[in-house]
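A short worksheet on the structure shown next.
The values are calculated or read from the model by the stated rules, or taken from the named source; none is laboratory data. Quick caveat: nothing in here was measured; it's all calculated off a predicted structure. Here the Cβ positions follow ideal geometry from the backbone for every residue, glycine too, while neighbour counts run over all protein chains shown.
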Amino acid sequence: MIRKLVVLSLLLILFACSGYNSMDTFYNTHKNDNQVTAIRVPQFMLAMVSEISPEMKALVGNTKDLRYMQFPSNTPSRSQFLNSQMNRITGNSFIEVFRKNDNLRRNVVSIREKRNSVKEILIYNNNSQSGSFLYFKGDFDPVKVREMVKNEQFTKFGENIINQFGTNSLGVKATE
């Protein structure tokens, strides 16, 4: 009886701890934080995003989930916290295809593969003033993804998303 209780408790602890290491959990936890811009593009709007460039049309055409989040990271403790959160998300299940560390600053591109295709792409940037991630889920050509990483097209894409779906285009007005 005690053995079953201990095993059940351990399974419950493992299940509870593993749930926080997902993009869904991170997004839902932080989307309501102060000074956060969070964009989750619904399927019908992916067509608009695909008009940014021919490369984006090729990429977005296979996207099932697209999210972008920008958040403040203006203290060393906040930068460290966000960096460790992203490290936990990517953990062992993602493959890092690019990483640049400069103290607490990070530029990381990670992918999750299944057989001969890329299923998830996570681009994380933190410049010690603000942090952001761009997340794609779908079915992508690994050669195209590698080419886009090399040409820094994902960084440009994140900037275009803010311009396309930013606060001004959504009708949110700043109060003075």
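Checked against the criterion of being out of contact with any Asp or Glu (no Cβ under 8 Å at 6 or more places or on another chain) and surrounded by fewer than 16 Cβ atoms within 10 Å (Cβ to Cβ), the candidates Thr37, Thr75 yield just one match: Thr75. Taking segment 43-78 as the range and being closer than 20 Å to Leu122 by Cβ and β-branched (Val, Ile, Thr) as the test, the residues that pass are Val49, Ile52, Val60, Thr63. For segment 66-77, check the following and say yes or no: at least one residue is in a strand (DSSP E or B), modelled with pLDDT of 85 or more, on the phi < 0 side of the Ramachandran plot and more than 14 Å from the chain's Cα centre (by Cα). For segment 66-77, residues in a strand (DSSP E or B), modelled with pLDDT of 85 or more, on the phi < 0 side of the Ramachandran plot and more than 14 Å from the chain's Cα centre (by Cα): present.
Of all residue pairs spaced 6 or more apart or on separate chains, those with beta-carbon atoms under 9 Å, a first member in segment 94-117 that is free of Cβ contacts under 8 Å to residues at least 12 places away in the same chain and a second member that is surrounded by fewer than 13 Cβ atoms within 10 Å (Cβ to Cβ) are Lys114/Asp139. Screening segment 118-142 for residues that are without any contact (Cβ under 8 Å) to a residue 40 or more places away in the chain and out of contact with any Ser or Thr (no Cβ under 9 Å at 6 or more places or on another chain) and picking the one that is nearest to Val36 (Cα to Cα) gives Lys119.
Just to confirm my filter: which strands (runs of 3 or more DSSP E) fall fully inside segment 83-133 and include at least 3 residues that are buried (at least 18 other Cβ atoms within 10 Å of the Cβ)?
105-114, 117-126
Report yes if some residue within segment 43-55 is out of contact with any Pro (no Cβ under 8 Å at 6 or more places or on another chain), among the polar types (S, T, N, Q) and under 23 Å from Phe26 (Cα atoms); otherwise report no. Yes, segment 43-55 contains a residue that is out of contact with any Pro (no Cβ under 8 Å at 6 or more places or on another chain), among the polar types (S, T, N, Q) and under 23 Å from Phe26 (Cα atoms).
Please tell me if Arg146 is at pLDDT below 90, of a type in the set (D, E, K, R), outside any loop (DSSP other than H, G, I, E, B) and surrounded by 12 or more Cβ atoms within 10 Å (Cβ to Cβ). Taking the combined requirement at face value, the residue satisfies it.
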